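Below is one structure, written out as structure tokens, with a few remarks after it.
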Amino acid sequence: MELKKTNILLLTTLVIITGFGIYYFSSQGDSEEVSLNSTAIKSEDNIILNNSLQDLDIKDENKDLQKGEQGEDTEGKDEELIEKFVKYKIEFIARWSSKTHPNYYPVNAHFSPFVAYSHNNTLGAMIFKKGGEATVGVEDMAETGATQKLNKEIDEIISKKIGFKKTQGNVFNSPGTSSSEIELSNNYRYLTFVSMLAPSPDWFISVTENLLIDGRWLDSVEFNLITYDAGSDSGENLTSLDRDTKPKESIKIFSDNLQGLGKIILTKITK
Ligand SMILES: [Ca+2]
């Protein structure tokens, strides 16, 4: 009986030890598997993280590349994008007087309502060009000061999307001033200004200028107005009677006798 008890005790101990051993090793196995999995997940995380960082690097490189391609103009172009549309005050300062032009200053010397418009300076966007023939609108403006036909021509330019905005001033005796406002954009950065000096056969003053230089809108700028002969009337003196030029001659810069009649001051209106 004693031997049997001992045997049972030994057997039970063996079973317990074996059981514990199996449990222990199987636990070890599990934990190894878990730790392997977590390593794998960690590795994937790293891969994802690394990929993300690489993406960021690539994006940064692209940004640098774009900056590089734009070069030194970047700053200006940024401003251009910010200020896509700008408004300017136009001040027409007429100095034509008996003092400035003693031999070429008629009674009732005045200027017709000026017309100004913004455009992109392509050939079709110009209401006239030196050496070209005056349109009906330019002829009418230069001979009588009337602006209806010229405004219609500018409306057509605007409808073709090569012109942007237009404005008009008032008639006034010289010396004197007249002012207005005009909107330009980075696609329509040129301003053309015209006004008839009166009385005169077909003489007018004009200027065309670009206001967006190196990506920056000029804050305030002055331009001298140039006197032209429209080539549509042959009168030789300021007060000559109408004498239609047939066929029309080309538009020419007038002689020095009647230059320096005035200027325009353009001031950017800040919002
Ligand atoms: Ca003429």
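A few comments on the model shown:
- Qualifying residue in region 209-225 (condition: surrounded by 21 or more Cβ atoms within 10 Å (Cβ to Cβ) and either of a type outside the set (A, V, I, L, M, F, W, C) or at pLDDT below 95 (or both)): no
- Looking across region 193-252 at every residue that is outside any loop (DSSP other than H, G, I, E, B) and charged (D, E, K, R), the one that is farthest from the ligand (Cβ to nearest atom) is identified as 216.
- Within region 131-147, the set of residues being under 29 Å from the mean Cα position of the chain (by Cα) and part of a helix (DSSP H, G or I) comprises 137, 138.
- Subset of region 180-192 that is charged (D, E, K, R) and part of a strand (DSSP E or B) - its residue that is surrounded by the most Cβ atoms within 10 Å (Cβ to Cβ): 183
- Of 201, 106, all but one fail to be under 22 Å from residue 259 (Cα atoms) and surrounded by fewer than 20 Cβ atoms within 10 Å (Cβ to Cβ); the exception is 106.
- Selection count, region 226-240, where residues are in contact with a Ser or Thr (Cβ under 7 Å, 6 or more places away or on another chain) and either crowded, with 21+ Cβ neighbours inside 10 Å or outside the structural domain of residue 142 (by TED's automatic domain parsing) (or both): 4
The values are calculated or read from the model by the stated rules, or taken from the named source; none is laboratory data. On a predicted model such as this, the values are computed, not experimentally measured, just so you know. In this analysis, Cβ positions are derived from the backbone assuming ideal geometry, glycine residues included, and neighbour counts consider all displayed protein chains.
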